[in-house]
1. What about Ala263, is it open to solvent by less than 10 Å² (accessible area, probe 1.4 Å), among the small types (Gly, Ala, Ser), within 13 Å of the ligand (Cβ to nearest atom) and touching a residue at least 12 places away in the same chain (Cβ under 8 Å)?
2. Does Val72 count as away from the ligand (no atom under 16 Å from the Cβ) and either of a type in the set (A, V, I, L, M, F, W, C) or in contact with a Pro (Cβ under 7 Å, 6 or more places away or on another chain) (or both)?
3. Could you figure out which of (1) among the hydrophobic types (A, V, I, L, M, F, W, C); (2) in a loop (DSSP other than H, G, I, E, B); (3) within 16 Å of the ligand (Cβ to nearest atom); (4) closer than 23 Å to Ser85 by Cβ isn't true of Ile291?
4. Of the residues that sit in the range 368-384 and are over 22 Å from the mean Cα position of the chain (by Cα) and open to solvent by less than 70 Å² (accessible area, probe 1.4 Å), which one is nearest to Val228 (Cα to Cα)?
5. Are any residues in the range 225-272 more than 26 Å from Pro354 (Cβ to Cβ), in contact with a Leu (Cβ under 7 Å, 6 or more places away or on another chain) and of a type in the set (A, V, I, L, M), and if so, which ones?
6. Quick one: in the range 224-242, which of the residues that are farther than 21 Å from Ser57 by Cβ and within 14 Å of the ligand (Cβ to nearest atom) is surrounded by the most Cβ atoms within 10 Å (Cβ to Cβ)?
7. Count, please, the residues in the range 50-73 that happen to be more than 14 Å from Gly293 (Cβ to Cβ) and open to solvent by 90 Å² or more (accessible area, probe 1.4 Å).
8. What residue, among those in the range 248-281 that are in a helix (DSSP H, G or I) and of a type outside the set (A, V, I, L, M, F, W, C), is farthest from the chain's Cα centre (by Cα)?
Amino acid sequence: MNDRRRRSDIAARDLEHLWHPFTQMLEWEKEDFPVIVRGEGVHLIDEAGRRYIDGVSSLWCVVHGHGHPKIVEAISRQAAALDHSTLLGLTHPAAVQLAERLAAIAPEGLTRVFYSDSGAAAVEVALKIAFQYQVQRTPPRPEKRRFISLREAYHGDTIGAVSVGGIDLFHEVYRPLLFDTVKAEAPYCYRCPFGKTYPACDLFCADEMEARVRDRADELAAFIIEPVMQGAGGMIAAPEGFLKRVRKVCDECDVLLIADEVATGFGRTGTMWACEREGVVPDLMAAAKGITGGTLPLAATLATEEVYGTFLGDAASMRTFFHGHTYTGNPIACAAALANLDIFEEERTLDRLPGKIDIFAGELDRMKARPHVGDIRRRGLMAGIELVLDAEAKA
Ligand code: PLP
């Protein structure tokens, strides 16, 4: 839209001071962007009353629909009782209860919960813990300080998360700031980096991934992976068995496994965690997005007792995990997360998924025949449609 006078008051004022994420602001000025004023169930509603289906769940966060009364009520009750109090030197019930609940639903053995407030922060926490674990374990392995990750990986936008990321389009400009990582090819069947075809390939990509880990095992602190589905990199669905192979080679090579469940967690792929689909238990797990049902920023990094144990010692031992944020474990966000988990139980959210997934899969199938649909990839309710100019050439 070129005529700025036709904009609503809020839309016009947006251009005066707001800087939007991942947005070329010069292009933004030409856009006729919606001003969202309300959320209701699956819908977002703009100031003109138009309804939009929130198909990206407001960046994969909203789990039970917008404005679920149970979460709204929990937020309001907690805000009135205790709005914020630091976890540095103090504690509060909501943080404790949520840690218990997360430990109870996490893959078995992930019993320690460290809070932060975004997916990227939860990843940074996992990276720092993995690094420090190698330094503080017995015997220490300080030379194990590198990370391996997949090409096309997306783990967030802070410097550590970008370093382990693999999307050149987003990350190239920051290259001089990043630390060195080892990369394995993404298990991207539609455009196999090895020119193979699934399933005849017999998971050749997993063989190659294992070789990368074995080659560099002495330097590797951890393998970080988006389990089952690489999201922002293009909804790249790993063939079944790939994740299990990552766990196996990490065990064999004494490398920690960090599962970044920021996008896949809280039922998105049909199970509470994507790792469950392959019976994999990581050493560290990052969770965010759906943790509050899409209402407030909260994240958690979960760790095993084995990892946690290496951080114990007296104050002088300097084994402390030196990390924290002002809003770490904010009570209102924790209360929203507790209500989110209550809804999972009361509404049997996971049990009711298969029917929805069937409908979704059926509808996606109908799109396969369209000329510009190259590939449709789906795990549970997480799906991507790869659009192409020419399906034959995959261009
Ligand atoms: N990890 C994964 C797998 C993600 O998909 C994202 C965000 O899309 C992040 C980390 C970063 O989360 P946040 O945007 O909350 O920092």
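1. Criteria not met by Ala263.
2. yes
3. Condition (2) is where Ile291 drops out.
4. This residue is Asp375.
5. Those that are more than 26 Å from Pro354 (Cβ to Cβ), in contact with a Leu (Cβ under 7 Å, 6 or more places away or on another chain) and of a type in the set (A, V, I, L, M): Val246, Val255, Leu256, Ile258.
6. In this case the residue turns out to be Ile225.
7. 3
8. Glu252
The values are calculated or read from the model by the stated rules, or taken from the named source; none is laboratory data. Predicted, not measured: the structure shown is a model, and the values here were computed from it. Because the Cβ atoms are built from the backbone with ideal geometry, glycine has one as well, and the counts that use them run over all protein chains shown. Surface areas here come from the heavy atoms of the whole protein model, side chains and all, with no ligands, DNA or RNA. Shrake-Rupley method; radii C 1.70, N 1.55, O 1.52, S 1.80 Å.
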